[in-house]
Amino acid sequence: MQQETPDYSYLNTDYIDHLCNSDDRLAKIIAAIGSYSIKKKNNSLQALIEAIIYQQLNGRAANTICSRFYAYYENLIPTPQQIILSPDIELRTQVGLSRMKIIYLKDLATHIADNRLNLFDLPGMKDEEIISQLTRVKGIGRWTAEMYLIFFLGREDVLPVTDLGLRNAMRRTYSLDELPIPNTMIQIATPWRPYRSIATWYMWKSLSNFSTIG
């Protein structure tokens, strides 16, 4: 029996057409999930704060710590100076931040305060230039910088090859025997260009929608 072609025509965007026409398996995921609706951050400092807090935590734990973090600052996004002056003991006991994440957040705040990192300059830079700037801060590695590119700057062609969720989704979608290494991921994602961020979002969503896709 001939396999039914996924109907994604109702989505009607150039990037959906490109992704679906370049990858049949991704097309099936897109048809099942529907419209692309990434939640972008509106404040660059907030985006970096949350990227650091979310490192190596599950979503529920990270959400709890984020809520406590903002509550500590009266539910406002703190200034770099406020972060620098916050007592470490209070950030540990009242917010629940680890010692290392306090170091990371204060190093970020210090880089911004002394203008070693100018957040207003970043949108005008190329992806790799931004990654180079951000990874000078303690605790910000390539993955964190890539999340900033996707969730704050809205860059459409980022492929976070160290992201465990993306690796798991690729393994499942492409019936791989084990989690793919970066070179394999780059090869799989080459047809997605220049919309690899959008394809990655669909890959992430496929993990929680597997029963309706597969």
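The values are calculated or read from the model by the stated rules, or taken from the named source; none is laboratory data. Since this is a predicted model, take the numbers as computed values, not measurements. When we count neighbours, we look across all protein chains shown, and the Cβ atoms used for this are built from the backbone with ideal geometry, even at glycine.
Condition test on residue 82, is it in the same structural domain as residue 135 (by TED's automatic domain parsing), part of a helix (DSSP H, G or I), without any contact (Cβ under 8 Å) to a residue 40 or more places away in the chain and not hydrophobic (A, V, I, L, M, F, W, C)? So residue 82 passes the test. Just one of the listed residues (22, 35, 67) is surrounded by fewer than 18 Cβ atoms within 10 Å (Cβ to Cβ), of a type in the set (Ser, Thr, Tyr), more than 24 Å from residue 122 (Cβ to Cβ) and touching a residue at least 60 places away in the same chain (Cβ under 8 Å), namely 22. Does region 45-61 contain any residue that is modelled with pLDDT under 95, within 24 Å of the chain's Cα centre (by Cα) and on the phi > 0 side of the Ramachandran plot? Checked against the condition, which is being modelled with pLDDT under 95, within 24 Å of the chain's Cα centre (by Cα) and on the phi > 0 side of the Ramachandran plot, region 45-61 yields at least one hit. Within the set 158, 95, the sole residue that is on the phi < 0 side of the Ramachandran plot and touching an Asp or Glu at 6+ places or on another chain (Cβ under 6 Å) turns out to be 158. In the set 90, 4, only one residue is more than 28 Å from residue 164 (Cα to Cα) and at pLDDT 95 or above; that residue is 90.
Yes or no: region 100-107 includes at least one residue that is surrounded by 15 or more Cβ atoms within 10 Å (Cβ to Cβ), of a type in the set (Lys, Arg) and in contact (Cβ under 8 Å) with a residue 24 or more places away in the chain. Checked region 100-107: at least one residue is surrounded by 15 or more Cβ atoms within 10 Å (Cβ to Cβ), of a type in the set (Lys, Arg) and in contact (Cβ under 8 Å) with a residue 24 or more places away in the chain. Would you check which residues across region 162-190 are hydrophobic (A, V, I, L, M, F, W, C) and farther than 15 Å from residue 24 by Cβ and list them? Once the filter is applied, which keeps residues that are hydrophobic (A, V, I, L, M, F, W, C) and farther than 15 Å from residue 24 by Cβ, region 162-190 yields 164, 166, 169, 176, 179, 181, 185, 186. Of the numbered criteria (1) hydroxyl-bearing (Ser, Thr, Tyr); (2) closer than 17 Å to residue 40 by Cα; (3) free of Cβ contacts under 8 Å to residues at least 12 places away in the same chain, the one residue 190 fails is (2).
This table checks each residue for (1) of a type in the set (S, T, N, Q); (2) free of Cβ contacts under 8 Å to residues at least 60 places away in the same chain.
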position	(1), (2)
125	no, yes
134	no, no
138	no, yes
142	no, yes
153	no, yes
158	no, yes
162	yes, yes
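Let's see how each residue does on (1) buried (at least 18 other Cβ atoms within 10 Å of the Cβ); (2) more than 14 Å from the chain's Cα centre (by Cα); (3) small (Gly, Ala, Ser):
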| site | (1), (2), (3) |
| --- | --- |
| 133 | yes, yes, no |
| 140 | yes, no, no |
| 148 | yes, no, no |
| 152 | yes, no, no |
| 164 | no, no, no |
| 173 | yes, yes, no |
| 186 | no, yes, no |
| 194 | no, yes, no |
| 199 | yes, no, yes |
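For residues that are modelled with pLDDT under 95 and either in contact with a Ser or Thr (Cβ under 7 Å, 6 or more places away or on another chain) or among the charged types (D, E, K, R) (or both), tally how many sit in region 161-204. Counting residues in region 161-204 that are modelled with pLDDT under 95 and either in contact with a Ser or Thr (Cβ under 7 Å, 6 or more places away or on another chain) or among the charged types (D, E, K, R) (or both) gives 1.
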